[in-house]
Amino acid sequence: MGLGHLASRALLRSSRLGASKPSHHLLRRTVVSTPELHNSEAAAAEAQPEPDLPKRTPVAGARVHFPNPDDAIEVFVDGYPVKIPKGMTVLQACEVAGVDIPRFCYHDRLSIAGNCRMCLVEVEKSPKPVASCAMPALPGMKIKTDTPIAKKAREGVMEFLLMNHPLDCPICDQGGECDLQDQSMAFGSDRGRFTETKRSVVDKNLGPLVKTVMTRCIQCTRCVRFATEIAGVQDLGVLGRGSGEEIGTYVENLMTSELSGNVIDICPVGALTSKPFAFKARNWELKGTESIDVSDAVGSNIRIDSRGPEVMRILPRLNEDINEEWISDKTRFFYDGLKRQRLNDPMIRGADGRFKTVSWRDALAVVAEVIHQVKPEEIVGVAGKLSDAESMMALKDFLNKMGSNNIWCEGNGPNPNADLRSGYIMNTSISGLEKADAFLLVGTQPRVEAAMVNARIRKTVRATNAKVGYVGPSADFNYDHEHLGTGPEALTELAEGRHPFYSTLSNAKNPVIIIGAGIFGRDDKDAILAVTEKIAKNINAVRPDWNGLNVLLLNAAQAASLDLGLVPESEKSIESAKFVYLMGADDENVDKLPEDAFVVYQGHHGDKGVYRANVILPASAFSEKEGTYANTEGCAQTTVPAVPTVGDARDDWKIIRALSEVAGVNLPYDSLGAIRARIGTVAPNLLQVEEREPAVFSSVSLRPDVKGTIGKAPFGSVVENFYMTDAISRASKIMAQCSALLLKK
């Protein structure tokens, strides 16, 4: 029976019904011709006044920067007009409009892959949904994120992603902070239709830090792109295709990058998780405390997650000026050293050479008695590399009151130059390195000395093809560089313009010279600094709008110690010292000390300094106290207590304050506010927390002429073992495993 025949029968039936039952309502069809409808767009504009849409806030407080206001384009997201710079993607436009688009493969700091298809949106005049992360926004584009088509597309993609994903959320360490869980709840279907056998993948061994459960992997390739682009290692790749596609190492080797732990953060599922943290705690059981890292001089922003008295893990915090959103493996995993080899109680070495536990009153009384029996010039104080500004200020004031001015911070060398701040900080700033177009690295290996500074240099080299010249021992860099020599002779050639690399530096618009803090320990350091400053002058690296002469410090305490003027009066004071106060100083060479010298060790770990100590005073670690640290660019930041102190330990400055009272030379402060007011009189820049105070004067124009000559000795490696550089990392079991497995023999 044809459709036409069916239609005619239906019409006939309706006409009969109408005849048998007269209706009072006549159904009329009128045809009206209006000229306005011929111009439909004009009519629509008149008929629909512009809606009064509420102001939307961008996702996660995103801010839009317009390099050129003329390049701004307007797009419409769910009817809401938004202005964005030309070149932005549809996904970024949606974020500016306050619409959060689901995604798995897209990451702000990685290249666009466009392979998870979770970010599908509907675009007007497009025949099918488009991947918003890979589609550039065009002027006047009308984007719809909440239509039935977009919802259906996301449901379909999520169903495919979950097809082979195991149902092991209860035993997965990512549970509670898993993108797949969250987006499955928000955008997925309420049921799956897959009834076949799920595929499984063999787990890979990436080393002691990253645990793999590759059956959970959804092939977003974030880890592959991170390893290649940010970490600069070719360790991870994609093997196979279709249902046989998997992430792995090309040959059976470990992931050796110093930034490898960051793949744990960027993995959106539980495929890559922290091996030391496995099955230890759930994220909702943890208390997060925002603090800073003290394992190097960068001062990376971190979040310390703790449960009760124990630090469970350390995660990065976003800070565009310092560490972006990455941290080094040492920063992330050395936390287990905070509970090992800790000093709990004050101790005094007895006549038999053994330590015995005593009260604080007795320990301080012994120290005060001995210090009064020693001549002022025989008193020496050494601040450790993890010391905060408050404790160094207290130590300096105390020893000054005792008549001694022989106090310094380890790592600064016997005769540091603390007159001009520009002579010991990173003047360009860490984020400012991105503007450079040529680098000269002098006696420094940023990859092991300051991993986040190295990541910034690599980012610049990738983005602008900046040239890098390096003077020092052979080293493993993760970007293209030119090895100019191993010793200071190469610097002399550059200063005289004879070296081939000189033309690269002189032609650069914003050249950068980075001097390693390792030269502080050399006898010819002043001559090396003078030659380097001559190079900077010749290539115009220091000018009013750009200061490209930098020093890369090694330790968290160095910048603040030089700001506070911790400079010894005598270079060889330790050889004649009779009383030595080691405040967390473990790497200071105490072999030159006289046999009868009295050594006080104040610190939080039983490390190298303890073996020579006569009295031990237990102090709190950086995770247990509030303290100010200045990083290598001169930015002051504060740590915040995350866990309680161990045993009978006290804050460093409180111990010195109590000792001053017992010794009869009261320090004039007994609170953190009062000691910071005292710091403000010496180094006011240390009170401007999270603000970088640039150096006012340049050392290039003000440093006096140096008479000494440059030595022939080549530059040495300052950091022998990246994973063990201080008392906390040396006590860490995880760092010991890394040293054994990852360091090249």
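For residue 218, only one of the following conditions fails: (1) touching a Phe, Trp or Tyr at 6+ places or on another chain (Cβ under 8 Å); (2) open to solvent by less than 10 Å² (accessible area, probe 1.4 Å). What is its number?
Against the list (1) touching a Phe, Trp or Tyr at 6+ places or on another chain (Cβ under 8 Å); (2) open to solvent by less than 10 Å² (accessible area, probe 1.4 Å), residue 218 comes up short only on (2).
Would you check if residue 400 is assigned by TED's automatic domain parsing to the domain that holds residue 375 and at pLDDT below 90?
no
Which one of 340, 332 is open to solvent by 50 Å² or more (accessible area, probe 1.4 Å) and among the basic types (Lys, Arg)?
Checking each option against the conditions leaves just 340.
Can you name the residue in segment 470-491 that is under 13 Å from residue 445 (Cα atoms) and of a type in the set (A, V, I, L, M, F, W, C) and, of all such residues, is least open to solvent (accessible area, probe 1.4 Å)? Explain how you work it out, then say what you get.
Residues of segment 470-491 that are under 13 Å from residue 445 (Cα atoms), as a first pass: 470-479, 481, 483, 486.
From what is left, the residues that are of a type in the set (A, V, I, L, M, F, W, C) are 471, 475, 477.
Working: 471: 0, 475: 33, 477: 26 Å².
Step by step, filter segment 470-491, then rank; the result is 471.
Would it be correct to say that residue 291 is closer than 27 Å to residue 743 by Cα, modelled with pLDDT of 95 or more, in contact with a strand residue (DSSP E or B) (Cβ under 7 Å, 6 or more places away or on another chain) and of a type in the set (S, T, N, Q)?
Considered against the rule, which asks whether it is closer than 27 Å to residue 743 by Cα, modelled with pLDDT of 95 or more, in contact with a strand residue (DSSP E or B) (Cβ under 7 Å, 6 or more places away or on another chain) and of a type in the set (S, T, N, Q), residue 291 comes out as no.
Exactly one of (1) assigned to a helix (DSSP H, G or I); (2) more than 16 Å from the chain's Cα centre (by Cα) is unmet by residue 345. Its number?
If we test residue 345 against (1) assigned to a helix (DSSP H, G or I); (2) more than 16 Å from the chain's Cα centre (by Cα), just (1) comes out false.
Taking interchain pairs and intrachain pairs at least six residues apart, which have beta carbon atoms under 9 angstrom, with the first residue in segment 663-684 and closer than 16 Å to residue 627 by Cβ and open to solvent by less than 60 Å² (accessible area, probe 1.4 Å) and the second among the aromatic types (Phe, Trp, Tyr) and not in a loop (DSSP other than H, G, I, E, B)?
Matching pairs, first to second residue: 669/653; 672/653; 675/653.
Do we find that residue 109 is charged (D, E, K, R), surrounded by 17 or more Cβ atoms within 10 Å (Cβ to Cβ) and closer than 22 Å to residue 219 by Cα in this structure?
no
Scanning for something open to solvent by 50 Å² or more (accessible area, probe 1.4 Å) and out of contact with any Gly (no Cβ under 9 Å at 6 or more places or on another chain), does segment 626-636 turn up at least one residue? Reasoning before the result, please.
Initially, segment 626-636 is screened for residues open to solvent by 50 Å² or more (accessible area, probe 1.4 Å), giving 626.
From what's left, out of contact with any Gly (no Cβ under 9 Å at 6 or more places or on another chain): 626.
Taking every residue of segment 626-636 in turn, at least one turns out to be open to solvent by 50 Å² or more (accessible area, probe 1.4 Å) and out of contact with any Gly (no Cβ under 9 Å at 6 or more places or on another chain).
When the residues of segment 589-617 are narrowed to those that are of a type in the set (Val, Ile, Thr) and closer than 15 Å to residue 381 by Cβ, which ends up most open to solvent (accessible area, probe 1.4 Å)? Quick ask: steps written out before the conclusion?
Quick first cut of segment 589-617, residues of a type in the set (Val, Ile, Thr) only: 590, 599-600, 610, 615-616.
Subsequent filtering for residues that are closer than 15 Å to residue 381 by Cβ retains 590, 599-600, 615.
On the way: 590: 31, 599: 0, 600: 0, 615: 1 Å².
Filtering first and then ranking leaves 590.
Out of contact with any Lys or Arg (no Cβ under 8 Å at 6 or more places or on another chain), in contact (Cβ under 8 Å) with a residue 40 or more places away in the chain and basic (Lys, Arg): is that true of residue 330 in this structure?
The answer is yes for residue 330.
For segment 517-539: of the residues being over 16 Å from residue 418 (Cα atoms) and in contact with a strand residue (DSSP E or B) (Cβ under 8 Å, 6 or more places away or on another chain), which is surrounded by the most Cβ atoms within 10 Å (Cβ to Cβ)?
This residue is 532.
Could you tell me whether any residue of segment 482-495 is touching a Leu at 6+ places or on another chain (Cβ under 9 Å), under 30 Å from residue 256 (Cα atoms), part of a strand (DSSP E or B) and not polar (S, T, N, Q)? Lay out the reasoning, then the answer.
First, pick out the residues of segment 482-495 that are touching a Leu at 6+ places or on another chain (Cβ under 9 Å): 484-485, 490-491, 493-494.
Checking the rest, the ones that are also under 30 Å from residue 256 (Cα atoms) come to 484-485.
From the residues that got through so far, the ones that are part of a strand (DSSP E or B) too are 484-485.
The next check asks that each one be not polar (S, T, N, Q); those that pass are 484-485.
Yes, the conditions are met somewhere in segment 482-495.
Output the number of the condition that residue 194 fails; it satisfies all remaining conditions of (1) open to solvent by 60 Å² or more (accessible area, probe 1.4 Å); (2) closer than 19 Å to residue 326 by Cα; (3) not hydroxyl-bearing (Ser, Thr, Tyr).
(2)
Among the residues of segment 525-561, which ones are more than 22 Å from residue 434 (Cβ to Cβ), part of a helix (DSSP H, G or I) and under 24 Å from the mean Cα position of the chain (by Cα)?
Of everything in segment 525-561, those that are more than 22 Å from residue 434 (Cβ to Cβ), part of a helix (DSSP H, G or I) and under 24 Å from the mean Cα position of the chain (by Cα) turn out to be 558, 560, 561.
If you scan segment 181-222, which residues turn out to be under 15 Å from residue 264 (Cα atoms), over 25 Å from the mean Cα position of the chain (by Cα) and in a helix (DSSP H, G or I)?
Within segment 181-222, 214, 216 meet the criteria.
Would you say residue 380 is in a loop (DSSP other than H, G, I, E, B), in contact (Cβ under 8 Å) with a residue 12 or more places away in the chain and open to solvent by less than 60 Å² (accessible area, probe 1.4 Å)? Full working, then the answer.
Details: in a loop (DSSP other than H, G, I, E, B): no; in contact (Cβ under 8 Å) with a residue 12 or more places away in the chain: yes; open to solvent by less than 60 Å² (accessible area, probe 1.4 Å): yes.
No, not satisfied.
Among the numbered criteria (1) in a loop (DSSP other than H, G, I, E, B); (2) open to solvent by 10 Å² or more (accessible area, probe 1.4 Å); (3) not assigned by TED's automatic domain parsing to the domain that holds residue 519, which one does residue 408 miss?
(1)
The values are calculated or read from the model by the stated rules, or taken from the named source; none is laboratory data. Since the structure is predicted, the reported quantities are computational estimates derived from the model, not experimental observations. No Cβ is skipped: glycine too gets one built from the backbone with ideal geometry, and neighbour counts run over all protein chains shown. Heavy atoms of the whole protein, side chains included, go into the accessibility calculation; ligands, DNA and RNA do not. Shrake-Rupley method; radii C 1.70, N 1.55, O 1.52, S 1.80 Å.
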